[in-house]
Structures are given as C-alpha cells and as structure tokens.
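The values are calculated or read from the model by the stated rules, or taken from the named source; none is laboratory data. Every value quoted in this text rests on a predicted model; they were computed, and no experiment measured them. No Cβ is skipped: glycine too gets one built from the backbone with ideal geometry, and neighbour counts run over all protein chains shown. The accessibility values were calculated without ligands, DNA or RNA, using every heavy atom of the protein model including side chains. Shrake-Rupley method; radii C 1.70, N 1.55, O 1.52, S 1.80 Å.
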Amino acid sequence: MITTIDCIRFLLKQGLAFHGHDESKDSSNRGNFLELLRFLTDHNEDINVVTFDNAPGNLQMTSNEIKKEIVSCVAIETTNIIINEMGDVLFSLLINESHDISVKEQMVVVLRYVDKNGYVVERFIGIEHITSTTSISLKEALDRLFSKHGLSMSRLRGQGYDGASNMQGEFNGLKALILEDNKCPYFIHCFAHQLQLALISITLKRSADTCWGSHYDTLLSIITMFPFIVDVLEIISNEGNSEQRFQAVMLLKCIQSFDFVFSLLHDIDVPNMDDLFRTQGRSQWKAQKVTNLHNFRVELFYAIFELFYAILDMQLQELSNCFNETNTELLLCVACLCPNDSFAAFDKQKLLRLTEFYPNDFFPVDLVALETQLDVYIMDVSFDNNFSGIKGIGELARKLVETKKDQLYSLVYLLVTLPLILPVATATVERAFSAMNFVKN
C-alpha cells in the first residue's frame with residue numbers, strides 16, 4: 001500500500017501519465033506506474049514479497065479504481081494545504097472553460113494571491129464539470145467550488161479569463177454576475193507584450209505631439225526617437241493584425257527609402273537647416289525655394305508621421321479595448337507605488353484615490369491613518385538602504401515583509417498587495433491552461 005502511494009506521488013509530482021498503451025503481462029512497456037512499481041520490487045525484496053503475484057488478487061493495489069481513489073485523496077490533501085496556506089488573504093480568480101476529448105464541458109479554476117512572504121502565488125485548485133457554458137451555469141459551478149473549500153466571494157479582488165472566452169461573451173456574463181455580488185473584483189485582460197507595445201506607442205505619440213511643428217531644437221528630439229519607432233514598427237510587422245502589419249511594413253520601407261533619415265540614424269552630420277534645400281534631378285532655377293528645415297519638417301516628416309500616427313492610433317485603440325476608464329485610472333494610481341528610481345513615481349493623492357477602488361478594505365477611519373502612514377513610509381523607505389535599487393511592486397512587497405515594515409505600515413502594505421493580485425498579463429496562465437487541456441485529453 002505504501003509503495004503504491006509512493007509511486008503515485010512520484011508520478012503526480014513529475015506530471016507523468018500513469019497508464020501505458022499495453023499493460024498486459026507480456027508487454028515490454030506496461031506504462032509508468034507498473035514499470036516504476038516493478039523497478040522497486042526488483043531492487044527491494046521486502047517490497048517484492050507483497051506486490052504483484054506475491055500478493056492476493058484483491059490486495060495488489062494496482063487497479064485503475066484504486067489508483068483513482070488514491071489520486072483523489074492526494075488532490076484533496078493538496079487543495080486543503082493550499083486553502084490553509086491562503087488563510088484569509090484577498091485573492092483573484094483565473095478561469096478557463098473548455099471541453100476535453102470526450103466533449104465534456106469543464107471549468108479550470110486558479111487562485112492568485114500574495115503569500116505571507118510577499119510573493120505572488122498562483123495555485124490550481126480544481127476542475128469543475130459543468131452542464132453548459134451559460135453564465136448562470138458557470139456562476140453556479142463557481143459557487144459550489146467556493147462553498148466546498150470555504151472561500152468567500154467577499155475576499156475576491158480580481159478576475160481574469162482566457163481571451164477567447166472573454167471576447168465571445170460567455171464569460172462577460174460571468175464577470176457581470178460576480179460584480180453583482182462584489183464590486184471590487186476588477187477585470188483587466190491584456191497580454192504582456194500588447195500592454196508594453198501600447199504603452200510605448202503612447203510615449204512615442206506624446207513625444208511626437210510635443211515636437212510636431214516646433215522649432216529645430218525640439219525637431220532633433222524627434223530624430224532621436226527613430227530607433228524606438230523602428231523597433232515598434234518591427235514588432236507590429238510581426239505581431240499585429242493584417243492591416244497593422246501591412247502599414248508597418250510600408251512605413252519601414254518608407255523610412256529606409258529616405259537617405260537623409262537613414263544618414264541621421266547612423267550619426268552622419270546633419271546639414272545646416274537654414275540652407276536652401278537642393279532638389280535632386282530637377283532644374284534648380286525651377287525648384288521651389290525652401291530651406292532644409294522646411295523640407296525636413298513639412299515634406300519628409302509629414303509623410304512619415306502621418307502613416308506612423310495611423311499605426312499608433314491602432315495601438316491606442318487596442319489599449320482602449322483592453323482597459324476601460326476605471327481600469328485605466330486604477331493602473332495609473334497603482335503606478336505611484338513603483339519603487340524604481342528611489343520612489344520617483346510616489347504620489348500620495350493618487351494612492352489615496354486608489355483606496356476608493358476598494359471601499360470594502362479601507363474605511364473612513366483607515367484613510368486618516370493611511371495618510372499619516374504614507375508620509376512616514378515614503379521618508380523611511382527613501383533613506384533606507386534596504387530599499388535602494390529595488391525594481392517593481394513585487395520586489396517592494398517582499399522587501400517590506402523582509403524588513404517587517406509590512407507590520408509597521410500595514411495599510412500601505414495592503415495597498416501594495418492589492419495590485420499584485422490583479423491578473424493583468426495572462427501569458428503564464430494560458431500556459432497553465434494549455435497544460436490542463438493536455439492532461440484532460
């Protein structure tokens with residue numbers, strides 16, 4: 001019995017299949033479970049005398065039913081450990097709905113939370129079989145799962161779903177039903193590279209808006225943007241939709257066709273902008289008398305930036321589709337927690353605004369205490385060498401726990417952990433869900 005359990009635990013830990021294609025006694029490979037058990041019996045006489053043919057037929061502990069029961073017991077114990085580890089922390093919900101090879105609809109559920117050491121943890125807690133994919137059926141299955149594990153919907157602070165389900169509308173209904181029970185589980189869906197590309201696009205467009213139509217000094221700052229513009233266009237040409245890829249490729253060819261711009265990218269001297277522009281291939285006395293500055297600003301850059309603006313607008317539209325007004329403001333407030341560059345992004349008023357998104361976690365009396373804590377906190381961590389050079393909110397949370405400042409600034413630490421459980425980027429979750437589809441099939 002103990003040996004059988006040990007074999008099952010080993011295979012579960014390694015994520016290996018139990019059964020083989022042919023498990024008959026004459027098979028040369030009877031599958032992972034039986035082969036591992038045979039290996040142990042061959043190397044341990046004490047095990048050998050009580051396994052396979054040396055044990056009574058009803059005590060060999062190798063039937064599929066016995067293995068399924070043991071696996072179920074392991075799953076229950078593992079889930080109980082996860083739930084106990086969570087305690088009463090706030091968490092987010094990650095859900096994927098799909099059907100297995102037998103066309104049975106199933107809902108895979110993952111919980112995301114911050115553990116006692118300040119680390120963000122994602123735990124798979126189960127697969128729920130559902131009769132249909134309607135939002136009501138999904139909500140009922142989720143309620144059963146929460147009831148089974150003693151989880152409270154009031155502790156939910158975020159929800160995320162795979163892209164297909166989100167766009168198809170089935171999970172939009174589930175999202176709405178959850179928000180009826182609790183107003184704080186914010187839904188933010190965006191892949192990491194899409195978010196980064198959109199943010200870069202915003203930065204480039206703002207820089208272009210600042211420089212466009214200004215004098216020569218600011219115009220040169222546009223020139224310095226070109227390496228970044230080219231990088232963004234190359235990403236879009238590979239990862240954008242068909243229209244974006246076409247326009248990006250055309251713009252890249254346009255940029256490469258301008259020898260003047262090409263020379264600027266390779267640190268060749270810039271001509272005097274006050275000199276007259278010499279048109280190639282035309283009689284100079286018939287050519288329009290314009291300066292290099294006028295041609296550079298009006299003729300050449302106008303053509304390039306018109307097309308570049310169109311592509312940036314597409315990226316910004318994608319950003320708008322991923323983030324509504326509430327989510328955008330939420331993320332802007334969250335950014336003020338970033339510890340990069342000696343907490344340069346810190347903004348107390350925006351952090352106080354952040355608490356308004358979580359009315360169940362910050363009561364009016366807490367806001368008075370939080371305002372004082374924020375003043376002391378920023379002075380403390382700014383001059384504490386333990387916090388110098390740290391990057392990202394995740395590292396900040398771990399450092400606060402390590403230095404026990406999470407207890408000193410408990411409300412500030414709560415502010416830090418809330419955005420950490422938001423499932424903004426779902427790439428790792430998609431990999432987990434893909435692995436689950438493989439296991440189910």
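Quick look at the values:
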{"read-out": "Filter result (free of Cβ contacts under 8 Å to residues at least 60 places away in the same chain, in a helix (DSSP H, G or I) and either open to solvent by 40 Å² or more (accessible area, probe 1.4 Å) or under 15 Å from PHE18 (Cβ atoms) (or both)) within the stretch 49-66", "value": "ASP53, ASN54, GLY57, ASN58, LEU59, ASN64, GLU65"}
{"read-out": "Every residue from the stretch 102-156 that is of a type in the set (Val, Ile, Thr) and assigned to a strand (DSSP E or B)", "value": "VAL108, VAL109, VAL110, VAL114, VAL120, VAL121, ILE125, ILE127"}
{"read-out": "Near pairs, Cβ below 7 angstrom, 6+ apart or cross-chain, from the stretch 397-409 (more than 11 Å from ASP380 (Cβ to Cβ)) to any residue that is open to solvent by 30 Å² or more (accessible area, probe 1.4 Å)", "value": "ARG398/ASN117; ARG398/TYR119; LYS399/ASN386; VAL401/ASN117; ASP406/TYR413"}
